[in-house]
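Here is the structure we will look at.
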Amino acid sequence: MNNWFKSGSPWVWLSAGGVSISLISVIGLLWLIASRGLSYFWPADIYQFEMTDEQGINTTVIGEIYDRENIPTSQLVHLNLDLDTSVESIERLLIKTGNRELVSLDFRWILVPQISQQSLPEDLVLIERRTNGNFYGYIENIILDGRTVGLEKMPELVERVSEFQAEMEELQKVDIGAINYQIERTRLKERKHKLDETLTPELQLEFKNTVASLRADYEVLEHALMGLREKISRDQIVMRAMDGQKVTINFENILKINFNNQLTLFGKIKLFFSQIGSFISDDPREANTEGGVFPAIFGTVLMVLLMTVIVSPLGVVAAIYLHEYAGNNALTKLLRIAVINLAGVPSIVYGVFGLGFFVYMVGGSLDQLFYAETLPSPTFGTPGVMWSAITLAILTLPVVIVSTEEGLSRIPSAMRHGSLALGATKAETLWRIILPIASPAIMTGIILAIARAAGEVAPLMLVGVVKMAPNLPLDGNFPFLHLDRKFMHLGFHIYDVGFQSPNVEAARPLVYATALLLVSIIVALNMTAVSIRNRLREKYRMLEH
């Protein structure tokens, strides 16, 4: 036994066991997120329950089964139900009933013993709407331009409305948005000339004519927009809800109409991937509890890329100075201690620093110098994507410095001496020999920085991220990339939907779906960086040896 311990085998097995437990934990966590997140997109069956409540009244409930649980029979004694007291627990179902204009909540619990009949009618319909969530019921009538038509016209109507909605969105976000942007820029130019006391009558007349021309174009586009709205407002569908009440829904408020109970396995798979695509490409709706997360995906990737562009040169230059140029003195030791301590500072502290220094001090100074015409409305003196990227760059800077310096320290000094002996300067040796060999270590630091920055939320809440951003930081208006704008982030989206949502039950599957998407994006960014690192390692392997 003593020899066994001396051989080191116990520590090998202990390390292997720790690695195995870690891998099992990670795989289990990913499986939990993936199973619950992907189930959000699978088209569920729509049930019709015939029930008898404690007063003996017969009711009908229509909806999807979201959850099941068993509760002790003793907890239901106060309901005066005719229950078998010999049974320890009773199953109850969580049903998503939708129809918010008729009932106050999307979900309700029903007890299995109260169900007298359960069925899956094929003519039950799920209507996904732009507002008020889903509607479940039966189709009574379809009205096209004031005339009742058959069900065969429904796919054509939905496609027609989708085309009209796409045209309306194009008009609102691109054409009308561009005109509003130009009007605002013209107003600011005129105000800047006033502040500089350079506004001549000729310039004033030019600005006035420009605004008049833009407003004329705006009225034309607004008239076209109202025409499109009028066209789609004439088409309606009359639905019969579970209580027999009839509800008229305009097609302009309808996104999809699905007969889930009629779908085959192939149809469900097709709808499954279609809903995943919509989740990735659509904008959020209903306080982020419905729709997609495209603005959050765009904001997350843009912020991480900006952060990487900022932190990479800063971290590499700092590491080169500390390892290649700085002497072994008290100042260098102090700098190394400062770098190590920065890595342990809580992230929210970086957020407070970014808000106070970058936003209020630097951003406020930029507004005073270059954007005085917009004051008191701030341009850069308010949280935005640029300040978020810089704040996270400072947060991840120690990781890049330490990783790069470790890569530099592994390069034999004989390679430096040989290069210098052959007549190369220190800068040439650094650029042509040292940095290429150390590039895999630099990429390792960048990979770690990306992994940490993509998941940070606390500092972003102070320096730029918001619940809902109406405009992306990138659009067709000059200068195209607007670094002063606020943005959405997947990490904050998870926090907002999971903890700030007014409808927790509806938001719970969305939390897992968004978490799965965030993990996928982080893995994709890391795999891209890893592939670049491996290419660099293979490219400079001969130089290293």
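Below, the figures for the structure above:
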| quantity | calculated |
| --- | --- |
| Efficiency of FRET from Cβ geometry, Val352 and Asp123, R₀ 56 Å, rounded to 0.05 | 0.45 |
| Solvent-free Debye scattering, log10 I(q)/I(0), computed from the Cα coordinates of region 352-443 at q = 0.18, 0.23, 0.24 Å⁻¹ | -0.78, -1.03, -1.08 |
| Near-label residues of region 322-341 by backbone N, under 13 Å of a point 7 Å along Cα→Cβ of Leu420 | 324-326 |
| Cross-link pairs beyond the 21 Å C-alpha cut-off, checked among Lys96/Lys153; Lys231/Lys467; Lys256/Lys467; Lys96/Lys268; Lys173/Lys467 | Lys96/Lys153; Lys231/Lys467; Lys256/Lys467 |
| Computed log₁₀ I(q)/I(0) - Debye formula, equal Cα scatterers, no solvent, region 381-435, q 0.13, 0.15 Å⁻¹ | -0.52, -0.60 |
| Inter-label distance, nm, simple model (7 Å from Cα along the C-beta direction), Leu331/Glu69 | 6.3 |
| About the Cα centre, charge dipole magnitude for the chain (Lys/Arg +1, Asp/Glu -1 at Cβ), debye | 2600 |
| Net length gained if the chain between Leu102 and Ala524 were fully extended (0.36 nm per residue, minus Cα distance) | 147.5 nm |
| Rg/Rg_globular for the chain, with Rg_globular taken as 2.2 N^0.38 Å and Rg from C-alpha atoms | 1.28 |
| Two-site label geometry, Arg432 and Ser281: point separation in nm, points 7 Å out along Cα→Cβ | 5.1 |
| Fewest-first sequence of Ser520, Ser419 by Cβ atoms within 10 Å of each Cβ | Ser520, Ser419 |
| GluC sites (Glu not before Pro), loop per DSSP, at most 15 other Cβ atoms within 10 Å - longest free stretch of the chain | 198-545 |
| Relative contact order, percent, the chain [alpha-carbon distance under 8 Å, six or more residues apart] | 15 |
| Kirkwood-based Rg to Rh ratio, region 413-542, C-alpha trace | 1.18 |
| Top positive-direction residue, dipole computed over the chain with Cβ charges, set Val247, Leu516, Ile46 | Leu516 |
| Distance (nanometres) between label positions extended 7 Å along Cα→Cβ at Arg191 and Ser35 | 5.7 |
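The numbers here are math on the coordinates, done by the rules we state, and not lab data. None of the values given here were measured: they were computed from a predicted structure. All Cβ positions, even for glycine, are placed from backbone atoms using ideal geometry, and neighbour counts span all protein chains on display.
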